[in-house]
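Down below is the structure, laid out as structure tokens.
The values are calculated or read from the model by the stated rules, or taken from the named source; none is laboratory data. Note that the structure is predicted; figures quoted are calculated from it, not measured. Reconstructed Cβ throughout: ideal geometry from the backbone, glycine too, with neighbour counts over all protein chains shown. Quick note on the areas: whole protein, heavy atoms, side chains included, nothing else; ligands and nucleic acids left out. Shrake-Rupley method; radii C 1.70, N 1.55, O 1.52, S 1.80 Å.
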Amino acid sequence: MRQEERDRRRAQAERSLDGLREAGVVGVVLPWVDTGGVTRVKSVPLQRLPAAAAWGVGMSPVFDAFLFDDSIVAGRFAGSAVGDLRLHPDLDRLTVLAAQPGWAWAPVDRYDQDGRPHVQDSRLLLRRLVDELAADGLTARTAVEVEWALGLADLPEGSEAGAFVPALTGPAYGMTRHVEVSDYARDLLTALTAEGVGVEQFHPEYAAGQLEVSVAAEDPVAAADTSVLVRHTIRAVSARHRFRASFSPKVLAEGVGNGGHVHLSLWRDGANLMSGGDGPAGLTPDGEAFVAGLLAHLPGLLAVGAPTVASYLRLVPSHWAGAFAVWGLENREAALRFVTGPAGSRQSAANVEVKCVDEAANPYLLLAGLLAAGRAGLASGARLPDPVEVDPGSLTDEGRRAAGIRALPSSLEEAVRAFEADDVLTGAYGEELSATIADVRRGEVAALVGCSPEEVATALRWVH
Ligand code: GLU
Ligand code: MG
């Protein structure tokens, strides 16, 4: 980072100070998401923001090798106690945290002490992939859906520590549930709106205590930031109501889990390439190639998008999680659900929903992987197989074989092997980051070896 850039950032921070003070801000949280999908933070008092903007705030690179239980894996390119990085807040995304009075928030990019981008920084990587797409005249619009299970913070007497006791009881999608969380949901919508989040919908979901917020599509870096911010905000609003939010892929070993579905569309010259074409479901040739690229790389992408042992408790057939490597029009059992939107709005609405991924994923790493996979499809002019119009889980093994339907990896270890065999993905992440992704995943597998589904769900319930 050059001196002029440091000066520009300091000036930008100084210009923000009066407004922040007026909003009652006394400190700024500087978050980033680690390889295992856990958001780690430092924070500075408001008066230190200009210095932090110019020079960053120190933080060890060892966090690249952190596991869900805060143990540290001895990675090939991460895990050393030696060295330091600088956390540089992106003040273009500076946000006053509506549910944490006194605090603002600005996601960071990590640089080394010589001002060079840290090679394992996921946010800078995503930015680079977005820029590469832009160099080809393409823009991606993305959104991450947020599902969570709302539990009681104050557990009934006799409960085990860390147990999940649903905070609401009514039927799935039911008005009864909505009434039960009415004040909480009002405070949440108010906070998200104050933070500038484009909330599109809120609803009670299917699983015990489960709720969902969906947000407007944005540039991928902004969408990843939004998914982090929305989850912070849900956590903070939940705490104020004496609730506790779990974003774990599998809060309880039984039943339906939390997905972190990614919606994605690809644009050129203001036109959505997922609509108005002669291909299947109205895809243009480039739209089809991009989706075909996603489909081809889903097995390896799971090492990033379904990154915990608990992810594979969620990713099972007939749970709307998308356990098969297929695409289908409005098929909620397809890993890629294609959505055209209602007639009349398709040019803006058409998109592909990646359903097999969850919220333990680092959203920057995940979106970077999805863009790399889609670009590879574009580069090779990939074509889609026929869409699948049934729940593949309802077919026999023989029926699936005849239809060419393959299951996605059913364990984290299997996903890591698929990732390591995928040159497009490992090429996009680079040697160091690819190695760290694999090392961290294998570290988690080893940490939970021999655990029952209940023990896995308990270990990961409150982490992400
Ligand atoms: N909760 C489901 C999942 O694990 C998704 C339900 C839905 O389609 O919204 O992904
Ligand atoms: Mg949902």
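May I ask you to derive the FRET efficiency for S80 and K42 from their Cβ-Cβ distance with R0 = 25 Å, giving the value to the nearest 0.05?
0.80
I'd like the Karplus ³J(HN,Hα) series for segment 15-28: coefficients 6.51, -1.76, 1.60, θ = phi - 60°, whole numbers in Hz, and an x wherever there's a Gly or Pro.
Those phi angles translate into 5, 7, 4, 4, x, 5, 4, 4, 7, x, 6, 10, x, 10 Hz.
Hey, can you grab everything whose amide H is under 5 Å from the amide H of L85? Only 5+ residues off in sequence or another chain; H modelled, so Pro and N-termini drop out.
Sorted by chain and number, the residues that satisfy this are M59, S60.
Could you go through segment 152-165 in sequence order and give the Karplus-derived ³J(HN,Hα) for each residue, using 6.51 cos²θ - 1.76 cosθ + 1.60 with θ = phi - 60°, rounded to whole Hz, and x for Gly and Pro?
Each residue of segment 152-165 in turn: 7, 6, 9, 7, x, 3, x, 6, 6, 4, x, 5, 9, 10 Hz.
Can you show me the helix-derived [θ] at 222 nm for the chain, built from DSSP H runs with n ≥ 4 at -39,500 (n - 2.57) apiece and divided by the number of residues, rounded to the nearest 500.
Calculated mean residue ellipticity at 222 nm is -12000 deg cm²/dmol.
Got a number for carbon plus sulfur as a percent of the chain's accessible area, 1.4 Å probe?
52
How far apart, in nanometres, would the label points at D183 and A11 be if each is projected 7 angstrom from Cα along the Cα-to-Cβ direction?
According to this spin-label approximation, the distance is 4.9 nm.
State, in angstrom, two size descriptors of segment 245-284 derived from its alpha carbons: Rg to one decimal place and Dmax to the nearest whole number.
Cα-based Rg and Dmax for segment 245-284 come out at 17.3, 46 Å.
So what is Rg over Rh here for segment 1-133, counting just Cα atoms and using Kirkwood for Rh?
0.98
Classify segment 315-374: rounded, prolate or oblate, from the alpha-carbon gyration tensor (a ≥ b ≥ c, eigenvalue square roots; a/c under 1.5 rounded; otherwise prolate if a/b is larger than b/c)?
It is oblate, given that a/c is not under 1.5 and a/b is not larger than b/c.
To the nearest 0.05, what FRET efficiency results for R21 and V199 with a Förster distance of 25 Å applied to their C-beta separation?
That gives a FRET efficiency of 0.35.
List the relative contact order of the chain as a percent without decimals, with contacts defined as Cα pairs under 8 Å and 6+ residues apart.
17
With a Cα-only, solvent-free Debye model of segment 114-160, what are the log10 I(q)/I(0) values at q = 0.18, 0.19, 0.32 Å⁻¹?
-0.75, -0.79, -1.13
Give me the accessible area per residue for segment 18-170, probe 1.4 Å, as a whole number in Å².
Accessible surface, normalised per residue, equals 42 Å².
Roughly speaking, what is the stretch gain from Q347 to T396, that is 0.36 nm per residue apart minus the C-alpha to C-alpha distance, in nm to one decimal?
Working: separation 49, 0.36 × 49 = 17.64 nm, distance 3.72 nm.
The Q347-T396 span can extend by a further 13.9 nm.
Please identify the longest segment of the chain free of exposed trypsin sites (Lys or Arg not before Pro), where exposed means a DSSP state other than H, G, I, E or B and no more than 15 other Cβ atoms within 10 Å.
77-241
Which one, A459, A335, G196, is farthest towards the positive end of the dipole of the chain when Lys and Arg carry +1 and Asp and Glu -1 on their Cβ?
G196
HN-Hα J couplings of segment 118-127 from phi, Karplus 6.51/-1.76/1.60, θ = phi - 60°, integer Hz, Gly and Pro as x?
Working through the residues one at a time gives 5, 5, 9, 7, 6, 6, 5, 4, 4, 4 Hz.
Compute the whole-percent fraction of alpha carbon pairs in segment 161-272 spaced more than 22 Å apart.
Taking all Cα-Cα pairs of segment 161-272, the fraction more than 22 Å apart is 37 percent.
Taking amide H positions as placed 1.01 Å from N in the peptide plane, with prolines and chain starts having none, which residues 5 or more places from H261, or on another chain, fall under 5 Å of its amide H?
Sorted by chain and number, the residues that satisfy this are E145.
Of all the stretches in the chain, which is the longest one without any exposed loop site, taking GluC sites (Glu not before Pro) in a DSSP loop (any state but H, G, I, E, B) with at most 16 other Cβ atoms within 10 Å?
Segment 1-156 is the longest.
Using Stokes-Einstein with the Kirkwood hydrodynamic radius over Cα pairs, what translational diffusion coefficient do you get for the chain at 20 °C and a viscosity of 1.002 mPa s, in µm²/s rounded to a whole number?
95
Can you work out the FRET efficiency for the pair E389 and S410, with r the C-beta to C-beta distance and R0 = 35 Å, to the nearest 0.05?
0.90
Return the Rg/Rh ratio of segment 51-128 with Cα-based radii and a Kirkwood Rh.
A ratio of 1.02.
In whole Å, what three semi-axes, largest first, describe the equivalent ellipsoid of segment 413-464 built from its Cα gyration tensor (square root of 5 times each eigenvalue)? Provide the component values of the computation, followed by the final result.
Details: eigenvalues 133, 26, 15 Å².
Listed largest to smallest, the semi-axes of segment 413-464 are 26, 11, 9 Å.
How long is segment 227-375 along each principal axis, judged by its Cα atoms, biggest number first, in Å?
Answer, in whole Å and largest first: 51, 30, 26 Å.
Taking the convex hull of the alpha carbon atoms in segment 365-464, what volume per residue do you get, in Å³?
Values: hull volume 15.9 nm³, N = 100.
With only Cα atoms used, segment 365-464 gives 159 Å³ per residue.
Considering amide H positions built from the backbone, and no H for Pro or chain starts, which residues 5 or more places from L329, or on another chain, come under 5 Å of its amide H?
Distant-sequence amide H within range of L329: F338, V388.
Rounded to whole Å and sorted largest first, list the principal axis extents of the Cα atoms in segment 77-212.
Sorted largest first, the three principal extents are 54, 42, 31 Å.
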